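What follows draws every value from the coordinates through simple rules; no lab data is involved. Nothing here was measured: the structure is a model prediction, and the numbers come from that model. Cβ sites come from the backbone with ideal geometry, for glycine too, and all protein chains shown count toward neighbours.
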Amino acid sequence: MIKNQSLKLLLLALSLSMSSCAVFQKQEEAPATADKESKKEKNGIKPYDKVITKDAKSDKGLFTVHKVEDKYFYEIPDSLFNREMLTVTRIAKTASGIGFGGGKQNTQVHRWQKKDDKVLLRVVSYEIYAADSLPVHEAVVNSNFEPIIQSFDVKTTGKDSINKTTVIEVTDLYTKDVQPLGLPDRTRKEYKVSRLDESRSYIDTIRSYPENIEIRHVKTYNAGEPPSNESMGSISMEFSNSMILLPKEPMERRYYDERVGWFTTEQTDYGLDAQKSKTVEFLDRWRLEVKEEDMEKFKNGELVEPKEPIVYYIDRATPEKWRPFIKEGIEDWQVAFEAAGFKNAIIAKDAPTMEEDPDWSPEDVRYSVVRYLASPIPNANGPHVSDPRSGEILESDINWYHNVMTLLRNWFFVQTAAINPEAQDVEFKDEVMGRLIRFVSSHEVGHTLGLPHNMGSSVAYAVEDLRDPEFTKKYGTAPSIMDYARFNYVAQPEDGDVALMPNIGPYDKYAIEWGYRPIPGKEGKEEKEILDEWILEHAGDPMYRFGAQQGGGVIDPSSQTEDLGDDAMLASEYGIENLKRIVPKLIEWTAEDGKDYDDLDDLYGQVLSQYNRYMGHVAANIGGVYENYKTYDQEGAVYTHVDKETQERAMDFLQEQLFETPEWMINQEIFNKIEFDGNIERIRKMQQRALNNILDFGRMARLMENEEINGKEAYTLLDMMTELRKGIWSEVYSGQRIDRYRRNLQRAYIERMEHLMNEEQDEIPARWRDWITRSNIDVSQSDIRPLVRGELSTLERQIKNSLYRSGDTLTRYHLQDILKRIDLILNPIE
């Protein structure tokens with residue numbers, strides 16, 4: 001008993017001891033947990049339910065976006081910290097005079113990084129690079145420190161202990177003045193922006209999708225010189241920021257060659273085996289890959305379907321009758337991808353209806369969309385978003401503005417109405433407008449595939465071939481739909497059933513093959529030898545030539561916008577003959593009972609605009625230099641001056657077609673319906689524009705350079721100045737009366753000569769320097785002013801000799817005035 005009693009007492013003691021230990025442990029843990037929660041609260045980290053309340057409106061996607069009252073929160077999966085994301089900032093809605101809807105303002109790679117109780121938004125730069133396997137990689141990293149855009153306090157963490165998330169508030173990121181997400185510095189300087197007015201700035205929407213987040217926010221900036229609504233002293237704009245998750249594994253690059261036109265991404269690569277830092281460029285292109293099971297078929301020359309085709313959806317807002325034509329324009333490119341070895345590589349689909357998929361959105365980066373915009377802008381454009389690490393095109397939304405149809409009407413009318421009954425009206429039949437829409441759709445899709453404008457394409461065809469029905473039906477009006485070779489203005493009424501517009505041509509197929517055909521067993525720089533062979537197969541063939549679009553004045557006359565054929569003078573002569581046929585018919589073709597004369601006014605203006613294009617095409621030959629891209633393994637020069645005969649023909653054409661008053665465009669029956677005055681001034685401005693274009697400092701510099709290189713074989717600056725003077729002042733030499741149109745032209749000549757004597761070459765504004773190309777010259781130290789002085793002195797003598805030969809009083813007064821003007825130029829009053 002005693003023994004048992006002792007055992008019981010012992011067990012009781014142990015039990016109490018263990019119980020006591022358990023109680024003591026709980027009493028110690030409770031304060032520790034409370035301290036931890038208290039610490040979190042102190043650091044601003046609250047329980048999830050206190051931050052994301054039951055009234056929150058949440059949108060799940062890449063991040064879950066929460067709106068709590070007027071605050072926005074990102075719930076970021078911890079797995080996405082340090083993943084790279086591309087943020088594209090565009091104008092969504094704009095004030096008059098500031099860009100256009102859809103205009104890209106900035107592109108940056110961002111990285112969300114968690115550090116203790118903070119989340120950092122950092123900028124990742126790929127402007128400089130070295131492979132991480134190379135020793136120099138560390139130096140590149142050290143000199144490419146990622147700047148921090150903004151720091152965020154962690155507000156709370158997610159409830160899921162497995163798929164961890166972190167919650168931050170991002171309201172200030174989009175309502176305050178964070179420059180990379182808003183108005184760029186160049187625009188701020190232009191309109192003298194002082195600061196952001198936060199009271200008039202707000203977030204409109206933030207929407208989350210599986211691979212991107214779309215933010216719309218309105219910003220109002222106080223501005224000293226706003227381009228419109230000046231009385232407000234401010235600019236209000238709506239911006240869109242697209243934040244797109246980049247692929248974990250970048251696509252394999254294909255490297256650029258300037259002999260094939262392509263949109264590119266560039267990088268300074270310090271890892272190359274070179275004795276200097278070198279910039280490399282690689283193509284912007286879609287990730288088109290051959291399925292593993294189809295690789296042998298592909299190698300054997302069979303067409304195969306890609307792993308993932310390029311799919312474009314037609315916006316729900318697009319009018320039903322235009323959808324088939326836009327789709328046809330997209331799928332026209334299938335023939336080009338067949339040249340690259342793929343079938344069904346590009347597909348057009350209707351967007352699902354609300355009933356079919358209420359969650360489908362054109363903002364979702366997984367969908368490339370032709371977006372139909374109810375806008376008065378007469379245009380369409382095809383931007384794309386590409387991965388800066390590889391050039392992979394991630395998505396593209398083609399902006400299709402409703403008024404592009406007005407643009408198409410104007411082009412087709414003024415360029416083909418003389419030979420085409422379908423264009424002889426202000427409203428086209430649906431099938432005619434549909435075919436024009438298909439043409440523009442094809443052109444814009446070409447941009448989204450990576451192809452820029454190829455302005456050097458249209459000169460591949462002889463002008464006379466454009467009058468041949470058989471030739472044009474086979475080849476269209478140019479070898480590339482990416483040229484601005486609109487419609488066939490060369491063809492004459494007697495030529496029969498000629499084709500009127502370009503299609504996907506030989507150059508387009510060649511470029512797509514060069515950029516997209518996989519080269520099995522080769523990647524990156526290993527492809528270069530094969531890609532070079534593909535180029536050399538077509539070297540010297542103008543059908544496969546690429547000519548870049550020129551910014552500023554035209555230097556290469558064979559790479560111009562809106563031109564056709566290999567001879568600008570002959571093509572423009574045919575074009576003017578057609579304009580002469582159109583003008584007398586304008587009233588008849590625009591007539592409608594009960595309608596005013598707005599269409600007559602508009603289309604007469606289109607005739608003059610087309611005529612001005614012809615003058616520009618011709619003038620570019622004077623002082624022109626051809627540019628044909630080549631490499632060391634190709635013979636011949638890259639740059640060649642336009643030959644003397646061609647330049648002389650260009651000058652003769654301008655004297656005959658422009659400086660001799662173009663009487664055919666003076667139609668009083670039209671004028672008395674559209675204006676109370678203005679014709680004299682209209683012609684003066686056209687002539688002055690062309691004259692200033694010819695007497696351009698850069699053009700004169702090239703003429704002098706040509707003479708220095710080619711001597712007597714060159715068309716010299718003195719040749720040009722002498723022929724210009726004799727043509728514009730022909731009445732002085734013949735003693736004839738000078739009419740009002742010619743008097744205006746001659747005064748414009750004197751004013752331009754005064755400009756050449758007294759002014760320097762205009763400086764290119766900083767914002768345009770990256771794309772404007774021109775010949776630069778120090779005017780005061782060149783031969784320009786001695787030549788101008790000599791020409792004015794010669795003209796002065798000729799006028800004095802002929803002053804009293806004309807019996808016309810106004811002619812005599814005019815010449816007396818010219819003598820005074822010349823004297824003031826040559827002998828300025830001190």
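Brief remarks on what is shown
- Relative contact order, percent, the chain [alpha-carbon distance under 8 Å, six or more residues apart]: 8 percent
- Taking Leu787, Leu826 and counting other C-beta atoms within 10 Å, the order from fewest to most: Leu826, Leu787
- Fraction in percent of alpha-carbon pairs per bin - 5 Å, segment 172-250: 3, 15, 23, 20, 15, 10, 7, 4, 2, 1, 0
- The residue list Ala423, Phe342, Ile764 was ranked by how far each Cα lies along the charge dipole of the chain toward its positive end, using unit charges on Cβ atoms, and Ile764 comes out on top.
- On full extension, the segment bounded by Asn667 and Arg789 gains 40.0 nm, given 0.36 nm per residue less the C-alpha separation.
- Relative contact order for segment 210-324: 16 percent, from Cα pairs under 8 Å spaced at least 6 residues apart, divided by residue count.
- Segment 52-245, dipole about Cα centre (Lys/Arg Cβ +1, Asp/Glu Cβ -1), debye to the nearest 20: 260 debye
- Peptide packing for 111-117, 610-616 was compared via the average number of neighbouring C-beta atoms within 10 Å per residue; ordered from the highest value, the list is 610-616, 111-117.
- Förster radius 25 Å - calculated FRET efficiency between Thr53 and Ser361 (Cβ-Cβ, nearest 0.05): 0.40
- Full extension of the segment from Glu796 to Ser609, taken as 0.36 nm per residue of separation minus the current Cα-Cα distance, would add 63.8 nm.
- Relative contact order of segment 332-437, pairs being alpha-carbon contacts under 8 Å that are 6 or more residues apart, as %: 18 percent
- FRET E, pair Asp350, Met757, Förster distance 60 Å, beta-carbon r, rounded to 0.05: 0.40
- Beta bridges from DSSP with both residues in the chain: antiparallel share about 80 percent, rounded to the nearest 5.
- Distance between segment 517-544 and segment 316-347 - C-alpha centres, whole angstrom: 26 Å
- In a reduced charge model with +1 at each Lys and Arg Cβ and -1 at each Asp and Glu Cβ, segment 238-358 shows a dipole moment near 300 debye about its Cα centre.
- Straight-line cross-link reach from Lys159 at under 19 Å between alpha-carbon atoms covers these aspartates and glutamates, not counting any fewer than eight positions away in the same chain: Glu37, Glu41, Asp49, Asp55, Asp59, Glu75, Asp78, Asp116, Asp117, Glu169.
- Peptide packing: for 302-312, 197-207, the average count of neighbouring Cβ atoms within 10 Å per residue gives the ranking 302-312, 197-207, highest mean first.
- Karplus (6.51, -1.76, 1.60) ³J(HN,Hα), θ = phi - 60°, over segment 723-738, in Hz, Gly and Pro reported as x: 5, 5, 4, 5, x, 5, 10, 4, 5, 5, 7, 9, x, 7, 5, 10
- Global geometry of segment 52-245, whether rounded, prolate or oblate, following the gyration tensor of its Cα atoms and the 1.5 cut on a/c: oblate
- As a calculated quantity, the FRET efficiency between Leu826 and Arg689 at R0 = 25 Å, using C-beta atoms, amounts to about 0.45.
- Put simply, the amide H of Val625, placed in the peptide plane, has neighbours under 5 Å in Asp556, Val642, leaving out anything fewer than 5 places away on its chain.
- Sites matching trypsin sites (Lys or Arg not before Pro) across segment 384-471 that sit in DSSP coil, with at most 12 neighbouring C-beta atoms within 10 Å: Lys429
- Using 0.36 nm per residue and subtracting the Cα-Cα separation, the extra length available between Lys60 and Lys343 on full extension is 98.3 nm.
- Total charge dipole magnitude, the chain, about the Cα centre, Cβ charges on Lys, Arg, Asp, Glu only, Debye to nearest 20: 3060 debye
- For segment 416-476: rounded, prolate or oblate by the Cα gyration tensor [a/c cutoff 1.5]: oblate
- For segment 737-830, a/c is not less than 1.5, where a ≥ b ≥ c are the root eigenvalues of the C-alpha gyration tensor, and a/b tops b/c. That puts it in the prolate class.
- Euclidean distance of C-alpha centroids, segment 146-199 and segment 718-785, integer Å: 52 Å
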